[in-house]
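Contents: one structure, followed by commentary.
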Amino acid sequence: MTDTVRLIIDGVVHQVPKGANLVDAAKMVGNDIPVFCYHPKLAPVGMCRMCLVELGQAGIDKDTGAFQLDDKGQPAIRWQPRLATACTTVVTDGMAIKTTTPQVTEARDDIVEFLLTSHPLDCPVCDKGGECPLQNLTMRHGPGESRFLYEEKQHLAKHYPLGDLIYLDRERCIQCARCTRFQEELVGDAVLAFHERGRRLQIVTTSNPPFDTYFSGNTTDICPVGALTTADFRFGARPWELTGVPSICPHCPVGCNVSASTRLDRESGGKIVVKRIMPRQNESVNEIWICDKGRFGHHHSRHGERLTQPLIRQGGKLVPATWDQALALIAEKISAADGDVGAIAGGMVSNEDLWELRQVVENAHGGKDHKSLGVYPYRLSGAEWVAKVGLSKGSNFGQMGKGTTIVVIASDLSEEAPIWYLRVKNAADRGAHLITLNARPTELDRFAKSKLKISYGGEIAALKSLTEKPEVKDAANVVIFVGGEGLDRAGHATLMQGAASVLTSTGHAGKVNNGLIGVWAGANTQGAFDLGYSSEATESLLNKRPAVLILADADIVAEDAANVSLLAHREGKFTVVSEMFLTATAAQADVVLPRQSFVERDGTVTSGERRVQRFYTAQTPLDGPRPDWKVFAEINRLRTGSKPKLSAAAVMKEITEKIAAYKGLTYAELGKVNKQFPDVGGDDPYYGGTAYENKGGLGVQWPTEADQGKVPSVSMPAVGKARKLESGELLIVPIVELFDRKPAFAASAPLLHSHVPAPYVVLNSGDAKTLNLVDGDKAILSSGGVEGEYTVRVDAAVPAQTALVARNLNLKSPTPAVPMVGSIRKVEVVASHV
Amino acid sequence: MANILLREKDIPGIGQYDTYVQHGGYDGLKKALGMKPDEVIQVVKDSNLRGRGGAGFPTGMKWSFVPKTEGPKYITVNADESEPGTFKDRQILEYNFQQLLEGSLICAYAVQASAVYIYARGEFWDIGPHMEAEIEKARKAGWVGQNIGGSGWGCEVYVHLGAGAYICGEESALLNSIEGKLGQPRVRPPFPAVAGLYARPTVINNVETLANVPQIIVQGAAWFKSIGTEKSPGPKIFCMSGHIEKPGNYEFPLGLTFRQLIEAAGGVRGGKKLKAILPSGASGPLLPATDKVLDTALTYEDVAALGSVLGSASVIILDESTDMVWATLKMARFFKHESCGKCTPCREGTYWLLKRLEAIYAKKATPADVQLIEDVAKQMQGKSLCALGDFATSPVMSALKYWRDEFLAYTQPQKPAPAKAGKDKVVAGGD
């Protein structure tokens, strides 16, 4: 075999992958070489010196390739006089190491003793205690008795805030640089650094605001000691009290696998609650990373303002009611609607919920009618192109590099899907050719080989030019991300078709590491499309609302104030809202149903890469709320006498029987786990906490038509007419900000509140000048009959006659859902006479 | 014999471009430009010139490691002279700079480098403008910049001042420092010859090493080998300091003995008896003043045979009045202060050594502490990322080897009670 080489470990010959370093290679064959600074996701630096081994080279007969033997018949090995660090040594054929000799064992003992001279050994009060590499290795290699005087220990800051999310204990830090290297190498935000030297070497943040990144929490996972802790979890629980429950992050379409660390909590009245969210290893999805939104955004499940009882409108007011009353009323209204029933589902409604909701609507219609099943938000479309030429089954951004071209169009991945951003960035670092096509600068531009600036409306023309680019035409692999910035529903559908056309016309469909990804808005928007929901349906439901409108997790009023009138309480119109909180939409409903949060129940969601994944019940559910699937199934029972299914698994089983793409994707199948490399979740916790290990399943990607050999021929849509703006008019373009004020998220992470910017509008410097506006001014933006106040930001790189407005920052006067023409005027500050 | 390196002793003002040229300056570069780059490397190889920064690595061989690939390559002149007792490079930079510049350019031509970075320690801030002014003179004369000497080959020269860290004399930390990064050594491989400055092939040579090069090219390898010994040929600057009558830089061919060197520098100060010699600043092991030592030839191999190193030949003389505990403490403090902190044994070990040596010197230690510092020093050896961690153990190990009694004399049989009878204070041997 050419892809493996011979490595002799303690006299035994092993075959290990070529190019691996000694730590990884030894681990693959079951030999744990202890480490502190080394991490398989980071370039080795050889700093901690824990992985010292005896290193040698066996003589190899040039002609036969066999080992030259000594007089005992063993391979003759020339040993180096000095110990070598295993992490920085790449294996070559015939390399030999000794890992159990007294020299090596003593070296490990020595290094641990050195580290402990400056470590406080405060394990009893340390958050890492119980899942700490240093603690474990001290048990194995520690001297047992200190030769170092306690009085000579350095005393340093114990609670140094590196930002408001992460605290640094400077006494515990062992200067391994995993945190600084993670930020610099993997994220590309070099906001942490060493300061000073020698024994005074310490971690500092170099950014303002401090530790300015969306990925800060990951540094606490990979910290090999308790030096970095999150403000959210520190002193919250001991690791051995925690049970890791597999879950899926509900915040964006990446579908990061997470582990909810739960315990029976006295403070929570003896209920099982989630104490923290940690990444769960899935090398095909999020590897071992999650963004700070996913990590800190779980508090909504225990928020005091959660709805716990159904509400029924009586005399113009919503008053508490029983489930029986609420469901009977809904069943009655549906029966009376004579088929005029529709439903709109938001971004985090599970496949099981969607399926049962679909049954409600279909039963009311007496058959199939997907025109009445809408998704929200509804500005994104074109899911049929994903079904045809979506990212091929088996693709993995972790394996993309040279030869692969990644195109990101009309999207700011760092805000919309941070882990996709991270993985695309790292693929680009490995040599993938990244092309960004946006009307404004985005974070990914820093890593792009070509940044093609387009105008809003110029997307199709830009795509057309791509087909001629050698980097696309001649690339081994092409992946295209299609976002929706600057587009309405029809525009996005056209763009999706255009991207599909680029892929098919250049022969990049139906092959691993090729295909199309829609940057959807929600964690299960893909699932909604798969189960027959569509943006087109939403559009028609909103244009002509049905007699009974069911809204599940779709806060259509908060996102578009114009929708208030749709929900006006008129004779013959009835609105059902399933929500966790009394949102702006719920406040307008006729019946409000309290739904469960993602940690209180089980189910499946389908990621933007079409990976169907399971999440499990982690937390004791609140008294009152029910899972949507159960509620909708009960409505069906009331209406048709059908026998409701008893579990989410049973609902999924039905889905697998009825939906072709989901064939065979039972809970058992989705729960399967294969061995992953790097092995970060094993018995040794060298690479981080105990939560990485994936016991909940890797999920399954469903195959596209192209994967099954049916590559369609897709025509490139015609270039549309450019939008004409009158002078003084602005194109208001909604953009996405990761941390926003959506009710579920705002209730989720009080810690992140200060990270949510005030509502702002970004203007081109020329426009700002004309409008007499400068940075920091207040301005009123009007569009579609809605006005809102925003803080002005001026940016020369924004296109002229454009106003970028971040969505969901201003819930009082919502941002338009799709680009529309509007105007802006300055708020004159009137001097007060005191 | 005329000085080859400290030429200003014979020709005042040789460091000025005009004077330098009047005395054959740039003849070496001119001659080199008429040769093929590989031929230049071969001459330096043949001369057996060895690196004067301390390691004594064959210079020509170092140059030959640079791959003949496309793209930029660099020369870095290590002028971060920071070893205690070393002040030879400073004299060259100040008084014979053109000779260094010419040597650097010959090296740059030999490996086809496009730029020379002179990395000088931050404390040389006042020499910086002088170097830059001399570089400008050489540029006007056509020796720096595009198409040097009509050869078609061009080379820039930059002066970069450090910020006061001993570790930046370590070649890879030096490269990091030029790149604006934290001055910490890099992991090798890759070696600088393959991926050095800005990840490009780089030759890093000491000032004194390169100052030898012009005359090697002009007079030939055989001439150079006729000076000094067979394995350690050429002239060498010896920095004499400590308890010596006439401290300063002395140029001699390699191979004279310690005794001859001390006599040349006027003998031990005040006619006192010699006690110990540090042949290579703080980082080489101490040697006792025995006849065997004094009659040892100053060559790379002979000093190594004594269990020490010739290093940069910064010879510190310690007379009979020297308290070896005090001297060791001074050096331990230096290494603790200068450890970069990147790797564990050096960062923690230097601190621990210092703390215990302070206690010994303050007479607050027991004989067990003397054993402890020896153990800690041994524990550090061979485990560090760069050589600093090993250097830091040299004074301790060698002082204990020859003068252990002096350390024991400072100790008390039993540990004194802790200064403050603490409430919860954990004492020695506690957890």
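List of remarks:
- Residues satisfying the stated conditions in the stretch A:200-241, i.e. out of contact with any helix residue (DSSP H, G or I) (no Cβ under 9 Å at 6 or more places or on another chain) and of a type in the set (Ser, Thr, Tyr): A:THR205, A:THR206, A:SER207
- Residue within the stretch A:697-704 that is at pLDDT 90 or above and under 26 Å from A:VAL818 (Cβ atoms) present: no
- Residue match in the stretch B:342-356 (condition: facing chain A (nearest Cβ under 10 Å), under 19 Å from B:TYR166 (Cβ atoms) and in a loop (DSSP other than H, G, I, E, B)): yes
- When A:ARG78 is tested against the conditions (1) within 14 Å of another protein chain (Cβ to nearest Cβ); (2) touching a strand residue (DSSP E or B) at 6+ places or on another chain (Cβ under 6 Å); (3) not in a loop (DSSP other than H, G, I, E, B), the lone failure is (1).
- Evaluating A:THR64 against the criteria (1) surrounded by fewer than 16 Cβ atoms within 10 Å (Cβ to Cβ); (2) modelled with pLDDT of 95 or more leaves one unmet condition, (2).
- Filter pass, A:LYS653 being modelled with pLDDT under 95 and farther than 24 Å from A:CYS256 by Cβ: no
- Residues (over 29 Å from A:VAL502 (Cβ atoms), modelled with pLDDT under 90 and surrounded by 13 or more Cβ atoms within 10 Å (Cβ to Cβ)) located in the stretch A:718-733: A:GLU729
- Each residue in the stretch B:288-317 was checked for being closer than 28 Å to B:TYR361 by Cβ and surrounded by 22 or more Cβ atoms within 10 Å (Cβ to Cβ), and 6 of them qualify.
- Among (1) out of contact with any His (no Cβ under 8 Å at 6 or more places or on another chain); (2) under 25 Å from B:ALA399 (Cα atoms); (3) in contact (Cβ under 8 Å) with a residue 40 or more places away in the chain - the single one B:ASN249 does not satisfy: (2)
- Listing of strands (runs of 3 or more DSSP E) fully contained in the stretch A:361-477 that carry 1 or more residues being in the same structural domain as A:THR538 (by TED's automatic domain parsing) and touching a Ser or Thr at 6+ places or on another chain (Cβ under 9 Å): A:373-375
- Total residues in the stretch B:33-53 satisfying the condition of being surrounded by fewer than 22 Cβ atoms within 10 Å (Cβ to Cβ), within 13 Å of B:ILE216 (Cβ to Cβ) and among the charged types (D, E, K, R): the figure is 3.
- For the stretch A:138-155, the criterion of being closer than 28 Å to A:HIS755 by Cα and at pLDDT below 95 is satisfied by no residue at all.
- Number of positions in the stretch A:295-320 that are in contact (Cβ under 8 Å) with a residue 60 or more places away in the chain and either of a type outside the set (Ser, Thr, Tyr) or over 25 Å from A:GLN588 (Cβ atoms) (or both): 18
- Single match in A:ALA84, A:ALA66, A:ALA58 (criterion: over 20 Å from A:TYR687 (Cβ atoms) and within 13 Å of another protein chain (Cβ to nearest Cβ)): A:ALA84
- The stretch A:694-717 residues that are at positive phi, paired with ones that are of a type in the set (Asp, Glu) (beta carbon under 9 Å, 6 or more apart): A:GLY697/A:GLU669
- Candidate set: the stretch B:379-392, residues that are of a type outside the set (D, E, K, R) and under 17 Å from the mean Cα position of the chain (by Cα); chosen: the one farthest from the other protein chains (Cβ to nearest Cβ): B:PHE391
- Count of residues meeting criterion [under 12 Å from the mean Cα position of the chain (by Cα) and of a type in the set (Val, Ile, Thr)] in the stretch B:194-212: 2
- Subset of the stretch B:138-179 [within 14 Å of chain A (Cβ to nearest Cβ), charged (D, E, K, R) and surrounded by 21 or more Cβ atoms within 10 Å (Cβ to Cβ)]: B:GLU170
- Residue in the stretch A:421-432 that is surrounded by the fewest Cβ atoms within 10 Å (Cβ to Cβ), counting only those that are over 17 Å from the mean Cα position of the chain (by Cα) and farther than 14 Å from A:PHE481 by Cβ: A:GLY431
- Condition check for B:GLY255: more than 26 Å from B:GLU39 (Cβ to Cβ), at pLDDT 95 or above, touching a strand residue (DSSP E or B) at 6+ places or on another chain (Cβ under 6 Å) and assigned to a loop (DSSP other than H, G, I, E, B): yes
- Tally, over the stretch A:556-592, of residues that are in contact (Cβ under 8 Å) with a residue 12 or more places away in the chain, charged (D, E, K, R) and either under 21 Å from A:LEU327 (Cα atoms) or part of a strand (DSSP E or B) (or both): 3
Results for (1) on the phi > 0 side of the Ramachandran plot; (2) at pLDDT 95 or above; (3) touching a helix residue (DSSP H, G or I) at 6+ places or on another chain (Cβ under 9 Å); (4) not in a loop (DSSP other than H, G, I, E, B), shown as yes or no for each residue.
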residue: B:GLY149; (1), (2), (3), (4): yes, no, yes, yes
residue: B:TRP153; (1), (2), (3), (4): no, yes, yes, no
residue: B:GLY164; (1), (2), (3), (4): yes, no, yes, no
residue: B:CYS168; (1), (2), (3), (4): no, yes, yes, yes
residue: B:LEU174; (1), (2), (3), (4): no, yes, yes, yes
residue: B:ALA195; (1), (2), (3), (4): no, yes, no, no
residue: B:ILE204; (1), (2), (3), (4): no, yes, yes, yes
residue: B:ALA222; (1), (2), (3), (4): no, yes, yes, yes
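- Where strands (runs of 3 or more DSSP E) fall wholly inside the stretch A:102-217, the ranges with 1 or more residues that are of a type in the set (Phe, Trp, Tyr), more than 9 Å from every other protein chain (Cβ to nearest Cβ) and in contact (Cβ under 8 Å) with a residue 60 or more places away in the chain are A:166-168.
- Residue ID - farthest from the other protein chains (Cβ to nearest Cβ), chosen from residues in the stretch A:87-101 that are more than 22 Å from A:MET47 (Cβ to Cβ) and of a type in the set (S, T, N, Q): A:THR100
- For the stretch B:105-121, the set of residues classified as over 19 Å from the mean Cα position of the chain (by Cα) and outside any helix (DSSP H, G or I) consists of B:GLN112, B:ALA113, B:SER114, B:ALA115, B:VAL116, listed by residue number.
- A:ALA231 being surrounded by fewer than 23 Cβ atoms within 10 Å (Cβ to Cβ), over 30 Å from B:TRP352 (Cα atoms), assigned by TED's automatic domain parsing to the domain that holds A:GLY297 and not hydroxyl-bearing (Ser, Thr, Tyr): yes
- Checking each residue in the stretch A:336-373 for being of a type in the set (Lys, Arg) and closer than 24 Å to A:ALA521 by Cβ picks out A:ARG358, A:LYS371.
- Single residue of the stretch A:218-229 satisfying the filter (over 22 Å from the mean Cα position of the chain (by Cα) and more than 14 Å from chain B (Cβ to nearest Cβ)) that is nearest to A:GLN281 (Cα to Cα): A:GLY226
The values are calculated or read from the model by the stated rules, or taken from the named source; none is laboratory data. Since the model is a prediction, treat every value here as computed from it, not as a measurement. Cβ atoms come from the backbone with ideal geometry, glycine included; neighbour counts cover every protein chain shown.
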